[in-house]
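This report refers to the structure that appears directly beneath it.
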2 protein chains.
Amino acid sequence: MAANSRLTIAAHVLAWLALAQRRGQEILTSEQVAASVNTNPVIIRRSLGDLRRAGLVHVRRGAGAGWSLARAPEDITLLEVYDAVEQDPPFGMHHAQPNLECPVGLGIRPALGDIYGRVEQAMRQELAETSISDVLRETLRVR
Amino acid sequence: MAANSRLTIAAHVLAWLALAQRRGQEILTSEQVAASVNTNPVIIRRSLGDLRRAGLVHVRRGAGAGWSLARAPEDITLLEVYDAVEQDPPFGMHHAQPNLECPVGLGIRPALGDIYGRVEQAMRQELAETSISDVLRETLRVR
DNA sequence: TCCCGTTGCAATAGGTTCTGTTACAACGGG
DNA sequence: CCCGTTGTAACAGAACCTATTGCAACGGGA
């Protein structure tokens, strides 16, 4: 399972937007967000673009442009964020089609598909139980 | 979450070894396994090497060499297979360290670490409840 | 209407990972 | 000692991810 950081970036961005909102700064530019994540603004815009298409953030263009949360932080779950930024399933199938003349080669794909579906469902269940406000609360807790 | 097929390959290999064993063929060469998975024998040896280091299969060298299951199929869980072949966690952290002067940048990593830990635990729980004999049974079910 | 800061997006580069392939030394049962 | 198989290195090609530059498009405010 090769690990990309899309969910991490998106969660960071949303938590930062939630904190700024709470502090009275409703709108942030991609550059301001990038300063917290410590990456290039274009990376942030790509992530925020995914979140915008999923309806999780609003964008305002022209002068005084920037990004804001489309919903209250407690109403945005990590599952929605996950679906917004992630496309591939966690476990990949064979690259080449298995040998269909072997009984294992014939049935392994649907079998693993079912099993992986159950695993993914357990993962989604857990993601659905965590909101952006949960992420922010745990983030601000002193360690 | 970029998807590799390691778990799929390993599960296929073990299911095939389990079926061969049930049919009375205790030992298979990497070439025989590769014929079912439809890939290069070296790919299979790499996967079987991981499984051997985890104690899930035995290897025999010299003439008449090949691979066999080290335990009964019902005693090998997909969680053990997952741990044997997968090294990276499903969700990656930031590539560059976040800005530690921002309260979100400071606390986001441990916060997400905890959350990802819970998600991974849910996933592992589900993997632990499926054995190679379950995989083989679902594989041989007609669809 | 014009200005100007910001977004949206294409193009590109470098790094990493994965699969696949070839080659060959090492092993060990017969 | 033979010979089939394993173990592993080296390499190639593809795919993907992060990062960066550049620029057209947008639109609020003067």
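The values are calculated or read from the model by the stated rules, or taken from the named source; none is laboratory data. Just so you know, these numbers come straight off a predicted model, no measurement behind them. Cβ atoms come from the backbone with ideal geometry, glycine included; neighbour counts cover every protein chain shown. Just so you know, the surface numbers come from the protein's heavy atoms only, side chains and all, with ligands and any DNA or RNA stripped out. Shrake-Rupley method; radii C 1.70, N 1.55, O 1.52, S 1.80 Å.
Quick rundown of the values:
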{"item": "So A:Ala10, is it within 14 Å of another protein chain (Cβ to nearest Cβ), over 30 Å from B:Ala10 (Cβ atoms) and within 13 Å of DNA strand D (Cβ to nearest atom)", "result": "yes"}
{"item": "Criterion: among the β-branched types (Val, Ile, Thr) and not in a helix (DSSP H, G or I) - qualifying residue of A:Val59, A:Val33, A:Val42", "result": "A:Val59"}
{"item": "Residues of the stretch B:22-45 that turn out to be away from chain A (no Cβ under 14 Å) and either without any contact (Cβ under 8 Å) to a residue 24 or more places away in the chain or open to solvent by less than 60 Å² (accessible area, probe 1.4 Å) (or both), as a count", "result": "6"}
{"item": "Positions within the stretch A:84-132 being among the small types (Gly, Ala, Ser) and open to solvent by less than 30 Å² (accessible area, probe 1.4 Å), in sequence order", "result": "A:Ala84, A:Gly92, A:Gly105, A:Gly107, A:Ala111, A:Ala122, A:Ser131"}
{"item": "So B:Ala65, is it away from chain A (no Cβ under 12 Å) and without any contact (Cβ under 8 Å) to a residue 24 or more places away in the chain", "result": "no"}
{"item": "Test: residue in the stretch B:16-26 that is outside any loop (DSSP other than H, G, I, E, B), near DNA strand D (Cβ under 9 Å from one of its atoms) and out of contact with any His (no Cβ under 9 Å at 6 or more places or on another chain)", "result": "no"}
{"item": "Condition met for B:Ala84 (under 28 Å from A:Asp88 (Cα atoms) and of a type in the set (Gly, Ala, Ser))", "result": "yes"}
{"item": "One residue from A:Gln87, A:Gln121, A:Gln125, A:Gln32 being of a type outside the set (A, V, I, L, M) and under 13 Å from the mean Cα position of the chain (by Cα)", "result": "A:Gln87"}
{"item": "Total residues in the stretch B:35-80, condition closer than 20 Å to A:Leu112 by Cβ, β-branched (Val, Ile, Thr) and more than 7 Å from DNA strand C (Cβ to nearest atom)", "result": "5"}
{"item": "Conditions (1) open to solvent by less than 60 Å² (accessible area, probe 1.4 Å); (2) under 26 Å from A:Pro89 (Cα atoms); (3) in contact with a His (Cβ under 8 Å, 6 or more places away or on another chain); number of the one not met by B:Leu48", "result": "(3)"}
